[in-house]
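The values are calculated or read from the model by the stated rules, or taken from the named source; none is laboratory data. This structure is a prediction, so every number in the text was calculated from the model and none was measured. Heads up, the Cβs are rebuilt from the backbone with ideal geometry, glycines too, and the neighbour counts pull from every protein chain shown.
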Amino acid sequence: MSNERDMMIFMAQSCLKMKRYEDSIKFIKDAILIDAKLDEKERNLFSLAYKKSVDNRRNVLQFIATVLALQQKKECKEKVDKLNSYQNRLYNELSTLSYECIDYIDRFIFKNVENTDEKIFFLKLKADHYRYMAESLPESERWQSSSAAHQSYEESIKMAKSSLSPTNPVYINTILNYSVFLHEILKRYDDALTISEDFLEKLDEIIQSIPDSLTNEMKSIVKRIKGNVDMWKKMQNGDE
(Lines give C-alpha, C1' and ligand atoms only; values in the text may rest on other atoms or scores of the structure.)
Protein backbone atom coordinates (compact mmCIF):
# COMPACT_ATOMS: atom_id res chain seq x y z
CA MET A 1 0.00 0.00 0.00
CA SER A 2 1.35 3.39 -0.96
CA ASN A 3 2.27 6.08 1.55
CA GLU A 4 -0.13 8.40 -0.29
CA ARG A 5 -3.02 6.00 0.24
CA ASP A 6 -2.11 5.57 3.91
CA MET A 7 -2.27 9.36 4.27
CA MET A 8 -5.69 9.48 2.59
CA ILE A 9 -7.02 6.88 5.05
CA PHE A 10 -5.50 8.76 7.99
CA MET A 11 -7.13 12.00 6.85
CA ALA A 12 -10.48 10.29 6.28
CA GLN A 13 -10.38 8.88 9.82
CA SER A 14 -9.35 12.24 11.28
CA CYS A 15 -12.10 14.13 9.45
CA LEU A 16 -14.66 11.60 10.65
CA LYS A 17 -13.61 12.21 14.26
CA MET A 18 -13.88 15.97 13.67
CA LYS A 19 -17.38 15.48 12.20
CA ARG A 20 -16.20 16.79 8.85
CA TYR A 21 -18.08 14.05 7.06
CA GLU A 22 -17.93 15.39 3.50
CA ASP A 23 -14.17 15.85 3.86
CA SER A 24 -13.89 12.29 5.18
CA ILE A 25 -15.76 11.09 2.08
CA LYS A 26 -13.37 12.98 -0.19
CA PHE A 27 -10.30 11.38 1.37
CA ILE A 28 -11.70 7.83 1.39
CA LYS A 29 -12.69 8.28 -2.28
CA ASP A 30 -9.14 9.38 -3.08
CA ALA A 31 -7.83 6.27 -1.29
CA ILE A 32 -10.17 4.04 -3.30
CA LEU A 33 -8.94 5.54 -6.57
CA ILE A 34 -5.40 4.53 -5.58
CA ASP A 35 -6.42 1.02 -4.46
CA ALA A 36 -10.06 -0.07 -4.11
CA LYS A 37 -9.30 -3.17 -2.02
CA LEU A 38 -10.63 -2.20 1.41
CA ASP A 39 -9.89 -4.00 4.66
CA GLU A 40 -12.53 -4.22 7.39
CA LYS A 41 -11.63 -0.90 9.04
CA GLU A 42 -11.63 0.86 5.68
CA ARG A 43 -14.99 -0.66 4.73
CA ASN A 44 -16.47 0.65 7.96
CA LEU A 45 -14.85 4.04 7.39
CA PHE A 46 -16.34 4.28 3.89
CA SER A 47 -19.77 3.24 5.18
CA LEU A 48 -19.74 5.53 8.22
CA ALA A 49 -18.54 8.64 6.38
CA TYR A 50 -21.43 8.40 3.94
CA LYS A 51 -23.96 7.43 6.59
CA LYS A 52 -23.10 10.33 8.88
CA SER A 53 -23.28 12.79 6.01
CA VAL A 54 -26.59 11.40 4.75
CA ASP A 55 -28.05 11.16 8.27
CA ASN A 56 -27.62 14.92 8.70
CA ARG A 57 -29.93 15.42 5.73
CA ARG A 58 -32.33 12.66 6.76
CA ASN A 59 -32.84 14.21 10.19
CA VAL A 60 -33.48 17.67 8.77
CA LEU A 61 -35.84 16.30 6.11
CA GLN A 62 -37.88 14.54 8.80
CA PHE A 63 -38.12 17.78 10.77
CA ILE A 64 -39.06 19.78 7.67
CA ALA A 65 -41.84 17.30 6.86
CA THR A 66 -43.38 17.96 10.29
CA VAL A 67 -43.13 21.75 9.96
CA LEU A 68 -44.41 21.61 6.38
CA ALA A 69 -47.49 19.63 7.37
CA LEU A 70 -48.27 22.22 10.06
CA GLN A 71 -47.90 25.15 7.65
CA GLN A 72 -50.04 23.39 5.06
CA LYS A 73 -52.82 23.05 7.63
CA LYS A 74 -52.50 26.76 8.35
CA GLU A 75 -52.57 27.43 4.58
CA CYS A 76 -49.45 29.61 4.78
CA LYS A 77 -48.57 29.44 1.08
CA GLU A 78 -45.41 31.55 1.22
CA LYS A 79 -43.93 29.46 4.05
CA VAL A 80 -45.00 26.23 2.36
CA ASP A 81 -43.28 27.28 -0.87
CA LYS A 82 -40.06 28.16 0.97
CA LEU A 83 -40.10 24.90 2.90
CA ASN A 84 -40.76 22.90 -0.27
CA SER A 85 -37.83 24.59 -1.96
CA TYR A 86 -35.52 23.85 0.97
CA GLN A 87 -36.82 20.28 1.20
CA ASN A 88 -36.02 19.70 -2.47
CA ARG A 89 -32.54 21.12 -2.02
CA LEU A 90 -31.80 18.81 0.90
CA TYR A 91 -33.20 15.79 -0.92
CA ASN A 92 -30.96 16.56 -3.89
CA GLU A 93 -27.96 16.71 -1.54
CA LEU A 94 -28.96 13.41 0.06
CA SER A 95 -29.56 11.63 -3.24
CA THR A 96 -26.28 12.94 -4.67
CA LEU A 97 -24.38 11.47 -1.72
CA SER A 98 -26.24 8.16 -1.84
CA TYR A 99 -25.86 7.73 -5.59
CA GLU A 100 -22.17 8.57 -5.27
CA CYS A 101 -21.74 5.88 -2.59
CA ILE A 102 -23.55 3.33 -4.76
CA ASP A 103 -21.52 4.33 -7.82
CA TYR A 104 -18.20 3.81 -6.03
CA ILE A 105 -19.34 0.39 -4.85
CA ASP A 106 -20.41 -0.65 -8.36
CA ARG A 107 -17.49 0.85 -10.30
CA PHE A 108 -14.55 0.26 -7.99
CA ILE A 109 -15.20 -1.74 -4.83
CA PHE A 110 -17.09 -4.79 -6.11
CA LYS A 111 -14.22 -5.61 -8.47
CA ASN A 112 -11.93 -6.05 -5.47
CA VAL A 113 -14.26 -7.99 -3.16
CA GLU A 114 -12.72 -11.35 -2.28
CA ASN A 115 -15.19 -13.06 0.05
CA THR A 116 -18.91 -13.44 0.70
CA ASP A 117 -18.78 -11.38 3.89
CA GLU A 118 -17.56 -8.34 1.97
CA LYS A 119 -20.04 -8.87 -0.88
CA ILE A 120 -22.97 -8.96 1.54
CA PHE A 121 -21.66 -5.90 3.40
CA PHE A 122 -21.63 -3.80 0.24
CA LEU A 123 -24.92 -5.16 -1.12
CA LYS A 124 -26.53 -4.15 2.16
CA LEU A 125 -24.85 -0.74 1.99
CA LYS A 126 -26.24 -0.18 -1.51
CA ALA A 127 -29.70 -1.19 -0.29
CA ASP A 128 -29.44 1.14 2.70
CA HIS A 129 -28.72 4.14 0.49
CA TYR A 130 -31.58 3.34 -1.87
CA ARG A 131 -33.75 3.12 1.27
CA TYR A 132 -32.57 6.52 2.49
CA MET A 133 -33.64 8.03 -0.83
CA ALA A 134 -36.99 6.24 -0.80
CA GLU A 135 -37.90 7.25 2.74
CA SER A 136 -37.34 10.92 1.93
CA LEU A 137 -39.77 10.90 -1.00
CA PRO A 138 -43.59 10.94 -1.02
CA GLU A 139 -44.94 7.38 -1.21
CA SER A 140 -46.14 7.97 -4.77
CA GLU A 141 -42.55 8.66 -5.90
CA ARG A 142 -40.72 5.89 -4.05
CA TRP A 143 -41.04 3.08 -6.58
CA GLN A 144 -37.65 3.31 -8.31
CA SER A 145 -35.54 3.67 -5.16
CA SER A 146 -37.55 1.16 -3.14
CA SER A 147 -37.36 -1.43 -5.94
CA ALA A 148 -33.59 -1.05 -6.14
CA ALA A 149 -33.30 -1.31 -2.34
CA HIS A 150 -35.48 -4.41 -2.29
CA GLN A 151 -33.39 -6.11 -4.96
CA SER A 152 -30.11 -5.48 -3.12
CA TYR A 153 -31.54 -6.48 0.28
CA GLU A 154 -32.99 -9.70 -1.18
CA GLU A 155 -29.65 -10.60 -2.76
CA SER A 156 -27.74 -9.88 0.45
CA ILE A 157 -30.18 -11.87 2.60
CA LYS A 158 -30.09 -14.84 0.22
CA MET A 159 -26.28 -14.90 0.32
CA ALA A 160 -26.20 -14.45 4.10
CA LYS A 161 -28.60 -17.33 4.71
CA SER A 162 -26.54 -19.70 2.58
CA SER A 163 -23.07 -18.58 3.66
CA LEU A 164 -23.03 -16.94 7.10
CA SER A 165 -23.85 -17.91 10.65
CA PRO A 166 -26.67 -15.91 12.29
CA THR A 167 -24.03 -14.72 14.76
CA ASN A 168 -22.15 -12.93 11.99
CA PRO A 169 -22.42 -9.14 12.49
CA VAL A 170 -22.95 -8.48 8.77
CA TYR A 171 -25.87 -10.93 8.77
CA ILE A 172 -27.38 -9.40 11.92
CA ASN A 173 -27.16 -5.86 10.54
CA THR A 174 -28.66 -6.95 7.23
CA ILE A 175 -31.65 -8.55 8.96
CA LEU A 176 -32.22 -5.41 11.04
CA ASN A 177 -32.13 -3.02 8.10
CA TYR A 178 -34.07 -5.23 5.70
CA SER A 179 -36.89 -5.79 8.20
CA VAL A 180 -37.10 -2.03 8.84
CA PHE A 181 -37.25 -1.45 5.08
CA LEU A 182 -40.07 -3.98 4.69
CA HIS A 183 -42.02 -2.39 7.53
CA GLU A 184 -41.46 1.32 6.95
CA ILE A 185 -41.07 1.61 3.17
CA LEU A 186 -42.93 -1.32 1.61
CA LYS A 187 -45.52 -1.53 4.42
CA ARG A 188 -45.18 -5.33 4.39
CA TYR A 189 -45.76 -5.61 8.11
CA ASP A 190 -46.23 -9.38 8.30
CA ASP A 191 -43.09 -10.04 6.24
CA ALA A 192 -41.01 -7.72 8.43
CA LEU A 193 -42.20 -9.53 11.54
CA THR A 194 -41.71 -13.00 10.07
CA ILE A 195 -38.16 -12.44 8.84
CA SER A 196 -37.16 -10.98 12.23
CA GLU A 197 -38.77 -13.76 14.27
CA ASP A 198 -37.31 -16.51 12.07
CA PHE A 199 -33.85 -15.01 12.41
CA LEU A 200 -34.13 -14.66 16.20
CA GLU A 201 -35.24 -18.28 16.47
CA LYS A 202 -32.21 -19.52 14.52
CA LEU A 203 -29.92 -17.24 16.48
CA ASP A 204 -31.30 -18.48 19.79
CA GLU A 205 -30.52 -22.09 18.84
CA ILE A 206 -26.87 -21.19 18.27
CA ILE A 207 -26.61 -19.10 21.44
CA GLN A 208 -27.92 -21.99 23.51
CA SER A 209 -25.14 -24.20 22.11
CA ILE A 210 -22.45 -21.50 22.20
CA PRO A 211 -23.41 -18.99 24.93
CA ASP A 212 -20.57 -16.52 24.25
CA SER A 213 -21.01 -16.37 20.47
CA LEU A 214 -22.15 -12.72 20.43
CA THR A 215 -20.07 -9.63 21.17
CA ASN A 216 -21.59 -6.75 23.13
CA GLU A 217 -21.99 -4.77 19.89
CA MET A 218 -23.89 -7.62 18.26
CA LYS A 219 -26.04 -8.06 21.36
CA SER A 220 -27.03 -4.41 21.03
CA ILE A 221 -28.16 -4.94 17.42
CA VAL A 222 -30.07 -8.10 18.35
CA LYS A 223 -31.77 -6.12 21.12
CA ARG A 224 -32.97 -3.63 18.50
CA ILE A 225 -34.39 -6.45 16.37
CA LYS A 226 -36.22 -7.82 19.41
CA GLY A 227 -37.49 -4.34 20.23
CA ASN A 228 -38.86 -3.98 16.71
CA VAL A 229 -40.60 -7.36 16.97
CA ASP A 230 -42.26 -6.37 20.24
CA MET A 231 -43.33 -2.99 18.84
CA TRP A 232 -44.67 -4.44 15.59
CA LYS A 233 -46.66 -7.09 17.45
CA LYS A 234 -48.27 -4.40 19.59
CA MET A 235 -49.11 -2.43 16.45
CA GLN A 236 -50.73 -5.51 14.92
CA ASN A 237 -52.79 -6.00 18.06
CA GLY A 238 -53.83 -2.35 18.09
CA ASP A 239 -52.02 -1.61 21.36
CA GLU A 240 -50.63 1.84 22.11
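A few comments on the model shown:
- Here is the figure for region 10-38: residues that are within 17 Å of Cys101 (Cβ to Cβ), among the aliphatic types (A, V, I, L, M) and assigned to a helix (DSSP H, G or I) total 7.
- Count of region 184-200 residues which are within 16 Å of Ala148 (Cα to Cα) and part of a helix (DSSP H, G or I): 1
- The set of residues from region 23-34 being charged (D, E, K, R), touching a residue at least 60 places away in the same chain (Cβ under 8 Å) and surrounded by fewer than 17 Cβ atoms within 10 Å (Cβ to Cβ) is empty.
- When each of Lys51, Lys37 is tested for being touching a residue at least 24 places away in the same chain (Cβ under 8 Å), under 21 Å from Glu118 (Cα atoms) and under 19 Å from the mean Cα position of the chain (by Cα), the lone residue that passes is Lys51.
- Against the test of being more than 25 Å from Glu42 (Cα to Cα), touching a residue at least 60 places away in the same chain (Cβ under 8 Å) and touching a Lys or Arg at 6+ places or on another chain (Cβ under 9 Å), the options Ser136, Ser196 yield a single qualifying residue, Ser136.
- For Ile157, the conditions (1) hydrophobic (A, V, I, L, M, F, W, C); (2) more than 25 Å from Ser53 (Cβ to Cβ); (3) modelled with pLDDT under 95 all hold with the exception of (3).
- Residues of region 50-101 classified as outside any helix (DSSP H, G or I) and not hydrophobic (A, V, I, L, M, F, W, C), total: 2
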